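A.B. asks: Have a look at the structure that comes next, please.
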Amino acid sequence: MEKISSKAQAKEMAELTCKLSRACNRKETSFAALFQLTPTELRCLRMFSKKSTVSIKEMIDELEISAGRVTHILTSLENKDYIVRRVDVNDKRNHLVDLTPESRKFINQLTKKHVELHQNILNNLSNENKVVITQVMSELIDALNEWSEINKEKLKS
């Protein structure tokens, strides 16, 4: 096997991560459209797959969007009767978002379909590669997050 230089590897990784990002965006846009949602509305609702109440601050941090954009998304989701907003009784400055009782079933279905989508993608891979890819993706995400944190600190300096 031919040894590839570090610079060539970095160049290939740069190209592959861009391609992966675009493919993931296309997948997310198509999946969200199945449920008449925008990709950001989908990401917002996916936050409720593990918890029933989410703070607006958590949404801003998780979705990495502005407070104004979160407000716009929540208004849209309220209009679709998926969520309700309320003031935190323990801290009046904090606002919380809850699913409506009717939307819990929808979120469960959305989560189930999301898992099925990824099962279908994994079905295109050998069993050996499934394990390797999920492990490598996890390591890559950790490395990207670490890089982001280091560079965030540098920007503050």
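A.B. asks: Straight-line reach from Lys51: which lysines have a Cα under 25 Å away, not including same-chain ones fewer than 8 places off?
C.D. replies: Filter leaves Lys27, Lys80, Lys92, Lys105, Lys112, Lys113.
A.B. asks: Something else: Can you put Lys105, Lys130 in order of Cβ neighbours within 10 angstrom, beginning with the fewest?
C.D. replies: Lys105, Lys130
A.B. asks: State the percent of C-alpha pairs, over all pairs in segment 106-157, separated by a distance greater than 19 angstrom.
C.D. replies: Tail of the P(r) past 19 Å holds 54 percent of the pairs.
A.B. asks: Moving to a separate point now. Hey, fewest Cβ within 10 Å first, where do Val54, Val131, Val89 land in order?
C.D. replies: Val89, Val131, Val54
A.B. asks: Loop only by DSSP, 16 or fewer other Cβ within 10 Å of the Cβ. Give me the trypsin sites (Lys or Arg not before Pro) in segment 1-72 that pass, ordered by residue number.
C.D. replies: Qualifying residues, ordered by number: Lys3, Lys50, Lys51.
A.B. asks: Ignoring the sites themselves, what is the longest stretch of the chain with no GluC sites (Glu not before Pro) in a DSSP loop and at most 15 other beta-carbon atoms within 10 Å?
C.D. replies: Longest run free of exposed loop sites: 65-157.
A.B. asks: Return the long-range amide H neighbours of Thr100 (sequence gap of 5 or more, or a different chain), with a cut-off of under 5 Å between placed amide H atoms.
C.D. replies: Counting only residues 5 or more places away or on other chains, the set is Ile83, Val84.
A.B. asks: Still on this structure: How big is the gap, in Å, between the Cα center of segment 1-24 and the Cα center of segment 62-94?
C.D. replies: Segment 1-24 and segment 62-94 have Cα centres separated by 38 Å.
A.B. asks: Starting from the Kirkwood Rh over alpha-carbon pairs, what translational D in µm² s⁻¹ does the chain have by Stokes-Einstein at 4 °C and 1.567 mPa s?
C.D. replies: The calculation lands on 70 µm²/s.
FYI, it's all coordinate maths here, none of it is from the lab. Bear in mind that the values here come from a model prediction, so they are computed numbers and not experimental data. Counting neighbours? That spans all protein chains shown, and the Cβs are built from the backbone with ideal geometry, glycine included.
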